[in-house]
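Data block below; observations after.
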Ligand code: ADP
Ligand code: AMP
């Protein structure tokens with residue numbers, strides 16, 4: 001099973017991917033997470049990506065498709081993959097077709113999380129993650145059960161992303177509208193797209209995704 005979670009920043013892709021990983025043993029390939037790891041490690045890719053990410057613009061297609069190819073090569077053929085935040089342009093969608101075909105993988109579903117843009121700023125400015133295990137939270141919509149303690153691993157350190165501020169969010173949304181939303185028709189023409197109300201409660205969204213994957 002290979003699926004794409006598509007939606008603007010803050011739509012809930014990472015939240016739903018985290019559940020699919022825990023519940024189905026699928027692997028989440030988030031280009032945003034991979035790029036942040038490259039920035040933290042100070043690799044040549046990270047050095048190139050850092051300022052682009054801070055501005056909320058898109059990193060080059062060659063870089064992101066390159067890292068996706070490397071990650072796919074590390075997986076066994078029967079591991080299900082969730083693409084989160086990739087592809088984001090028509091060139092990346094083309095590259096993904098080539099990467100999948102070369103590994104005899106097929107794309108099963110493209111799940112679009114449809115959200116009200118006005119709500120995304122609050123989602124993104126309230127987002128934080130566990131510094132140790134990466135579990136995702138929100139100050140209002142998904143607080144930790146015990147204040148200051150990660151539900152998943154018990155750690156007490158948390159992180160916020162440098163690009164999760166209102167100014168950058170607006171640029172990221174504009175990038176989504178201009179470059180990512182236009183790839184949906186490519187997948188619609190292949191009958192792969194299912195649209196879900198991303199404004200619904202997280203559990204409801206998760207239930208709808210499960211229903212799609214059961215088809
Ligand atoms: P994305 O990966 O699409 O950028 P996230 O999954 O990180 O988005 O979600 C952004 C923030 O919104 C997180 O803090 C998350 O806890 C919260 N969130 C995710 N889904 C929902 C939802 N259905 N309702 C309310 N808040 C949500
Ligand atoms: P995300 O974690 O998906 O919100 O991505 C954070 C940032 O990483 C984006 O704003 C881009 O700068 C960069 N990025 C992540 N994925 C891609 C991609 N597929 N193509 C181009 N840039 C990306």
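Coordinate-derived values only; no laboratory data. Owing to the predicted nature of the structure, the values given are computational and were not obtained by experimental measurement. Note that we place each Cβ from the backbone using ideal geometry, even for glycine, and neighbour counts take in every protein chain shown.
Can you tell me what share of the DSSP beta bridges in the chain is antiparallel? A percent to the nearest 5 is fine.
30
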With N residues in segment 84-133, what two-decimal value do you get for its Cα radius of gyration over 2.2 N^0.38 Å? 1.61
Take every Cα pair under 8 Å in segment 108-215 that's 6+ residues apart, average their separations, divide by the length, and report that relative contact order as a whole percent. 36
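With only alpha-carbon atoms in the gyration tensor, what are the semi-axes of the equivalent ellipsoid for segment 1-101, in Å, largest first?
Working: eigenvalues 90, 49, 38 Å².
Those come to 21, 16, 14 Å.
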Take the alpha carbon atoms of segment 170-215, find their radius of gyration, then divide it by 2.2 N^0.38 Å using N residues; give the quotient. 1.39
Would you mind calculating the gained length between residue 133 and residue 75 on full extension (0.36 nm times residue separation, minus the Cα-Cα distance), in nm to one decimal? 18.8 nm
In deg cm²/dmol, rounded to the nearest 500, the helical mean residue ellipticity at 222 nm of the chain, built from -39500 (n - 2.57) for every DSSP H run of length 4 or more, is -14000 deg cm²/dmol
Part-to-part distance (alpha-carbon centres) for segment 74-112 and segment 150-215, which is given in Å: 16
Space enclosed by the convex hull of the alpha-carbon atoms of the chain, per residue, Å³: 121
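If packing is taken as the mean number of other Cβ atoms within 10 Å per residue, what is the order of 91-101, 17-27, 140-150, highest first?
91-101, 17-27, 140-150
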Hey, what did the chain get for relative contact order, percent, Cα under 8 Å, at least 6 apart? 29
What's log10 of I(q)/I(0) for segment 1-53 at q = 0.15, 0.21 Å⁻¹, Debye sum over Cα points only, no solvent? -0.52, -0.83
